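The block underneath contains the structure these notes are about, expressed in C-alpha cells.
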Amino acid sequence: MSDPTSRPLHIGVSANWLHADPTRVIYNGRPLLYVEQSMSDWFLAAGALPLMLPAPGPECEAAVDATQMVAALDALVIAGGADVWPGSYGERALQPEWEGDRLRDEAEIALVHAALELDVPVLGICRGHQVLNVALGGTLFQDIATQVEGALTHRDAERYARNSHAVTLVKGGYLHGLYGEERAQINSVHHQAVKDLAPGLVVTARSTTDGIIEGVRLEDGSERWAVGVQWHPEFQRPEQTELLPTAPLMNDFLEAARRRAMGRS
C-alpha cells in the first residue's frame with residue numbers, strides 16, 4: 001500500500017442536498033448535491049483534500065454503500081444544512097416547515113455508523129453535530145425559540161454567520177483541554193439543538209446564557225474520535241479574532257485523521 005504521508009489526507013464531507021424542484025431555474029430543477037465553498041477552502045488551506053460524499057438517488061442501484069465510502073477515507077465531516085427530520089428521533093414535526101430532510105438523515109446516519117464501526121474520525125458541524133447525537137440515540141429541540149424558555153436568538157436570518165454569542169467550555173472537557181479557556185465567542189446559525197444527549201456523548205460546551213448544548217464528544221470508553229460543534233468554524237474569517245480560533249480544532253481533527261491513515265498503511 002502507498003505511503004499515506006505522501007498524499008494529502010482524504011476528508012469525506014457529506015453532501016448538501018437540493019431535491020428536485022420544477023420551480024428552480026438552475027439545472028432545470030434537477031436534484032443536486034453540493035459542498036459549500038467555505039468548507040472546501042477550510043480543508044484545502046489546512047493541506048487536506050475534501051471529498052464530497054454522494055448519496056444515491058431513488059433510481060440508482062448503488063454498488064457502493066456508506067461503509068465502502070467511509071473505508072476509503074481518513075476522516076469524515078457531517079456538514080451543516082437542512083433541519084433533521086423529527087422522525088429520525090421518534091417525533092413528528094411540530095410545524096410543517098420543520099419536516100427536515102429524511103433522505104439526507106438516512107444517508108448521514110449511515111455514514112456516522114460506518115465511521116464509528118471502522119474507527120474513522122468524525123467531526124459534526126451544526127446540523128452534523130445534531131446528526132451525531134441523533135445517530136447515537138439522542139433527540140433534538142425542533143425549534144429553540146418556541147421550546148426553550150428564555151433562549152437567545154441562535155439564528156438570525158439577516159445577520160446569519162455574523163450572529164454570535166458566548167459559550168462556556170466545560171471545565172476538564174475536550175474543548176477546554178484543547179483551548180485552555182472556559183469562555184469563548186462563537187458564530188450561531190441554527191434554530192434546532194440537542195435536547196436529550198445520546199448515550200456515550202458528553203457535553204463539551206454550552207451557550208453561556210441559556211444552556212443550549214454547543215459541543216459534544218464521544219466518550220464511551222473507546223479510543224474513537226467523534227466530536228460535534230454547533231457552530232460553523234469554516235465560516236470564520238481571519239479578521240474575526242473575537243471568535244474561538246479554528247486552528248486547534250482543525251489540527252486535532254487532522255491529527256486523528258493522520259493516525260487513521262497510518263493505521264491503514
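Summary table below
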| item | result |
| --- | --- |
| Region 202-223, residues that are of a type outside the set (Gly, Ala, Ser) and touching a helix residue (DSSP H, G or I) at 6+ places or on another chain (Cβ under 6 Å) | Thr204, Arg217 |
| Cross-chain or 6+ apart pairs with Cβ under 8 Å, region 216-230 first and over 10 Å from Gly124 (Cβ atoms), then surrounded by fewer than 18 Cβ atoms within 10 Å (Cβ to Cβ) and of a type in the set (Asp, Glu) | Glu223/Asp119; Arg224/Asp119 |
| Test: residue in region 155-163 that is of a type outside the set (Lys, Arg), under 19 Å from the mean Cα position of the chain (by Cα) and crowded, with 20+ Cβ neighbours inside 10 Å | no |
| Residue count for region 20-56, restricted to those that are more than 30 Å from Ala247 (Cβ to Cβ), free of Cβ contacts under 8 Å to residues at least 40 places away in the same chain and in a loop (DSSP other than H, G, I, E, B) | 9 |
| Test for Glu158: is it charged (D, E, K, R), out of contact with any helix residue (DSSP H, G or I) (no Cβ under 9 Å at 6 or more places or on another chain), in contact (Cβ under 8 Å) with a residue 12 or more places away in the chain and over 17 Å from Trp225 (Cα atoms) | no |
| Count - residues of region 104-137 that are within 14 Å of Gly200 (Cα to Cα) and either over 15 Å from the mean Cα position of the chain (by Cα) or hydroxyl-bearing (Ser, Thr, Tyr) (or both) | 1 |
| Strands (runs of 3 or more DSSP E) completely within region 197-265 that count 1 or more residues being within 24 Å of Phe141 (Cα to Cα) and either at pLDDT below 95 or basic (Lys, Arg) (or both) | 201-207, 213-218 |
| First in region 245-265 and farther than 23 Å from Val167 by Cβ, second anywhere and at pLDDT 95 or above and among the small types (Gly, Ala, Ser), Cβ under 8 Å, 6 or more apart | Ala257/Ala48; Ala257/Ala75; Arg260/Ala75 |
| Residue match in region 99-106 (condition: outside any loop (DSSP other than H, G, I, E, B) and either in contact (Cβ under 8 Å) with a residue 60 or more places away in the chain or hydrophobic (A, V, I, L, M, F, W, C) (or both)) | yes |
| Conditions (1) farther than 11 Å from Gln230 by Cα; (2) in contact with an Asp or Glu (Cβ under 8 Å, 6 or more places away or on another chain): number failed by Ile125 | (1) |
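One line per residue, one yes/no per condition, for (1) of a type in the set (S, T, N, Q); (2) within 16 Å of Ala135 (Cβ to Cβ); (3) part of a loop (DSSP other than H, G, I, E, B):
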site	(1), (2), (3)
Pro58	no, no, yes
Val64	no, no, yes
Thr67	yes, yes, no
Val70	no, yes, no
Leu73	no, no, yes
Gly80	no, yes, yes
Val84	no, yes, yes
Ala93	no, no, yes
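The values are calculated or read from the model by the stated rules, or taken from the named source; none is laboratory data. All values derive from a computational prediction rather than experimental measurement. Glycine gets a Cβ as well: all are built from the backbone with ideal geometry, and neighbour counts include every protein chain shown.
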